[in-house]
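The values are calculated or read from the model by the stated rules, or taken from the named source; none is laboratory data. Quick caveat: nothing in here was measured; it's all calculated off a predicted structure. Counting neighbours? That spans all protein chains shown, and the Cβs are built from the backbone with ideal geometry, glycine included. Heads up: the accessible areas ignore ligands, DNA and RNA and are worked out on the full protein's heavy atoms, side chains in. Shrake-Rupley method; radii C 1.70, N 1.55, O 1.52, S 1.80 Å.
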Amino acid sequence: MRLKDQVAIVTGGSRGIGRGIVKAYAAEGAKVAFIYKGNQAAADSLVAEVTQAGGIAKAHQCDVANHDDALKVVEAVEAEWGPVNILVNNAGVIRDGLFVGMRPEEWNVVIQTNLGGTFNFCHAVAMKLARQRKGRIINISSVAAEHTNPGQTNYAASKGAINSFTRALAVELAGRSVTVNAIAPGFIETDMSENVRNKAGDLIKKMIPLKRLGQPDDIAKAAVFLASADAAYITGQVLTVDGGLSLGAVAV
Ligand code: NDP
């Protein structure tokens with residue numbers, strides 16, 4: 001077990017990619033506190049699934065965009081399980097639409113959830129990890145940070161900023177043996193990508209050299225690696241996990 005007795009927080013853990021990460025971390029022996037915003041049924045079903053598999057997971061409801069809520073969740077996790085060792089900032093939203101018609105609320109919610117949520121949870125744990133002189137922070141970015149499509153100015157800006165933030169924070173925390181990395185997924189089969197998949201699923205598959213859409217488990221495996229002792233000498237990196245999509249080739 002690669003994460004035995006570690007205490008992990010995974011934001012946006014109840015569905016999609018985060019759910020995959022929660023299950024993988026619990027299977028590797030971590031105690032996993034995960035954050036969800038509103039879908040309690042999904043959160044409850046995940047706790048049941050992890051428990052049945054012999055793991056430990058607990059759901060915490062909060063809006064990652066709220067700084068005070070982030071502090072409270074981290075305090076509650078530490079009161080129950082002790083110091084947090086691993087943070088995965090995964091919670092994210094999209095509000096796609098062409099820029100000229102974008103409403104300020106659509107800009108703000110994407111920036112405040114994706115980037116603001118990452119800031120809030122990093123802010124809540126960074127000093128604690130630095131004092132422990134160990135820890136892992138993993139931010140879930142997107143290939144859209146570098147290879148974007150029309151209609152995603154808000155989303156691309158949030159993910160590009162997450163990549164820059166990851167490198168900058170990595171430099172600050174490296175002296176304390178805390179690593180900070182990002183994962184940039186390609187097209188992953190989750191609720192978030194459903195609309196795009198319904199409209200252009202076949203075209204997307206043709207753009208992916210490995211000829212399949214990604215699954216949450218593909219990202220979870222990378223997140224386990226970056227959280228594990230095996231990744232101790234890796235920091236400030238953005239690991240792309242996209243089946244080769246960002247290579248820009250047409251699949252043969
Ligand atoms: P989903 O929409 O499937 O799941 C989103 C999760 O985040 C849910 O658990 C949701 O909880 C939670 N969440 C959303 N907003 C908040 C909030 N304000 N506070 C707390 N929790 C919140 O998304 P994915 O699994 O597809 O995406 C996960 C991450 O991966 C995101 O950062 C996304 O940008 C990134 N990504 C996804 C790709 C894809 O193809 N799917 C590609 C590249 C990156 P609830 O259900 O309670 O609302």
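Numbers below:
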item: Residue list for region 125-146, filter: within 14 Å of the ligand (Cβ to nearest atom) and crowded, with 16+ Cβ neighbours inside 10 Å; result: Ile138, Asn139, Ile140, Ser141, Ser142, Val143, Ala144, Ala145
item: Residues of region 172-204 that turn out to be open to solvent by less than 60 Å² (accessible area, probe 1.4 Å) and within 11 Å of the ligand (Cβ to nearest atom), as a count; result: 12
item: Residue within region 146-158 that is among the aliphatic types (A, V, I, L, M), modelled with pLDDT of 95 or more and touching a strand residue (DSSP E or B) at 6+ places or on another chain (Cβ under 9 Å) present; result: no
item: Residue among Lys4, Lys72, Lys37 that alone is of a type outside the set (S, T, N, Q) and under 17 Å from the mean Cα position of the chain (by Cα); result: Lys37
item: Yes/no for Lys206 being closer than 23 Å to Met1 by Cα, among the basic types (Lys, Arg) and in a helix (DSSP H, G or I); result: no
item: Among (1) at positive phi; (2) open to solvent by 50 Å² or more (accessible area, probe 1.4 Å), the one test that Glu105 misses; result: (1)
item: Failed criterion for Ser164 (all others in (1) surrounded by 20 or more Cβ atoms within 10 Å (Cβ to Cβ); (2) more than 12 Å from the ligand (Cβ to nearest atom); (3) under 16 Å from the mean Cα position of the chain (by Cα) hold); result: (1)
item: Checking Ala223 against (1) surrounded by 20 or more Cβ atoms within 10 Å (Cβ to Cβ); (2) over 14 Å from the mean Cα position of the chain (by Cα), the condition it does not meet; result: (2)
item: Selection count where residues are under 14 Å from the mean Cα position of the chain (by Cα), open to solvent by less than 70 Å² (accessible area, probe 1.4 Å) and without any contact (Cβ under 8 Å) to a residue 60 or more places away in the chain, scope region 108-121; result: 6
item: Which numbered condition Gly214 fails, given (1) closer than 27 Å to Asn120 by Cα; (2) surrounded by 21 or more Cβ atoms within 10 Å (Cβ to Cβ); (3) out of contact with any helix residue (DSSP H, G or I) (no Cβ under 6 Å at 6 or more places or on another chain); result: (1)
